[in-house]
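Report on the following structure.
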Amino acid sequence: MSYSANLRLDVGQETELPVFIGSEGERALDIDKLRAGTGLVTLDESFGNTASCRSAITYLHGEKGILRYRGYPIEELAEKSRFVEVAYLLMYGDLPTSGQLEDFSSILNSSSLIHEDMRHFFLAFPNNAHPMSLLTTMVASLSAFYPVPENPSDEDEAQIIANLVSQVRTIAAFSYKKFIGEPVVYPSYKLRFVENFLNMMFSSPVSNYQQDQDIVKAIEAFLIVHADHEQNCSTSAVRIAGSSLANVYAVISAGISALWGRRHGGANQEVIAMLKTIQHSGDDGRLFLEAAKSKKTRLMGFGHRIYKTFDPRALIMKKLCHRILGKPGMSDPMFDIAMRLEEAALSDDYFLSRNLYPNVDFYSGLILKAAGIPFDMFTVLFAIGRTPGWLAHWREMRHDAGNRIARPRQIYIGPGLRSYIPVGTREKHSVGVMRRTSTKISRIPEKYLDHPDPGDEAPESV
Ligand code: SDX
């Protein structure tokens, strides 16, 4: 049964717009012919009401707090699956058979080394460069070592996917070793994906890293819940960059860059900074909530563009916090602060009336902290988790015969037509004049020069 909507414009001008209905009943006005038929475009700044594509990868329901990858509920996958299985599911549409899983694990393993020449790039970075700056740069540089054919075959595509899923993890671990001045630890064919990462991060020539299976399971679940989230900011960046047929390594680097922002993937770091600020201030959280309500700051890890109830991933992370931080010697006072903040916020009309609930970032940082992951690596781990999701969308887009280059329109609000004025006769402008800056812009942002303790600065409002 087909639906349509009737759009009445100026007197006597009407147009019929088809309504597209998705497999879960979502309805969309198909405006593909709107401009041709009416001369109008739609205006939807930050795309809150705009579906940019049709996708079969992930389904979200913001009001019901539903998240499914290829139809499988996130709760089941986080509890029962492995990250490599979920990466395969997102990419190819079904959970792998044991043979497919073995093959996928094998190509991930054989692709886990980066070209030895790339080791020199690390030397060029300042020691306290943020690891996300290394990750965006190094991932784009993979394009120089892995030429991508104009039309990659299925085998080429499988190799690209393995390179990125596996090497984003290797580059992340190598970045950490650079940061602490230790020699890198290479990936090992004897270890599974997560254990390999933890070993590359924490073992060294003089110490053997003892894997804690509860920590491995927690990181596995962390990566699974971060693996995809439909058209979020960074995935949209990947789709837009990919739509120009740019090099896939540069396209994933674009996704990493978008993820870095504190409104998006950077929020997990900001949550820990916020909890540390509250912990050091002796405030029981109420003062902080008052500051958030008066817009002096934001309750980081709360609120979401889509979820208007609990983010199902936040519930999974909170349950994992109880499991991990409940172990002897693992307790963390920040978890108690976080739970108090959640309880106070969810009984406060400011947050309830704006549908502000904990999102994936509110508890996830506490898991990483318990695993010994350093603060500046939190968003990097988000990127390791999200890489299969970005690649699944890149793959879905390149196999869509109707895909075209992304090119949104705009509504112009600048000055009307005017003629050139010779420089000697120009009046000084009242606004927008370029002021000469006297301060020398330091090469490395101040906040990284002496690498302050994350709790030394309250999170700025976003
Ligand atoms: C991720 O899109 C995805 O799917 C992202 C993600 C994924 O997996 O890819 O889920 C990952 O990015 C999760 C979100 C992480 N970010 C944070 O936790 C940062 C803190 N949250 C906010 O900055 C904010 O909630 C956003 C950015 C997440 C959502 O912003 P919206 O939907 O654009 O909301 P808004 O900025 O328009 O705010 C609406 C109102 C405003 O108040 P009023 O003007 O109505 O008075 O809510 C207030 C805001 O001031 N508000 C908050 C708040 N978030 C919104 N007030 C206090 N604390 C907050 N966190």
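Surface composition of the chain: carbon plus sulfur atoms hold 53% of the accessible area, using a 1.4 angstrom probe and ignoring ligands, DNA and RNA. Taken as entire DSSP H runs, the helices of the chain that both span 27 Å or more between Cα atoms along their own long axis and average -0.5 or more on the Kyte-Doolittle scale are 154-180, 378-398.
What number comes out for the charge environment of residue 88, summing +1 per Lys or Arg and -1 per Asp or Glu over other residues with Cβ under 13 Å away? Result for the local shell: -2. Charge dipole (Cα centre; +1 on Lys/Arg Cβ, -1 on Asp/Glu Cβ; no other charges) of the stretch 73-414 amounts to roughly 1020 debye.
Treating each Cα of the chain as one equal point scatterer and applying the Debye formula with no solvent, the log10 of I(q)/I(0) at q = 0.07, 0.08, 0.11 Å⁻¹ comes out as -0.41, -0.54, -0.99. With the convex hull constructed from alpha-carbon coordinates only, the stretch 3-66 shows a mean projected area of 5.6 nm² over all directions. With 21 Å as the limit, the listed pairs 64/319; 190/318; 177/369; 276/369 have 190/318 beyond it between alpha carbons. The tail of the calculated P(r) for the stretch 118-217, taken as Cα-Cα distances beyond 21 Å, holds 42 percent of the pairs.
Judged by the mean number of other Cβ atoms found within 10 Å, the most tightly packed of the peptides 325-334, 191-200, 3-12 leads the ranking 191-200, 325-334, 3-12.
The values are calculated or read from the model by the stated rules, or taken from the named source; none is laboratory data. Since the structure is predicted, the reported quantities are computational estimates derived from the model, not experimental observations. Don't worry about glycine lacking a Cβ; one is built from the backbone with ideal geometry, like all the others, and counts go over all protein chains shown. We work out accessible area using only protein heavy atoms, side chains counted, and drop any ligands, DNA or RNA first. Shrake-Rupley method; radii C 1.70, N 1.55, O 1.52, S 1.80 Å.
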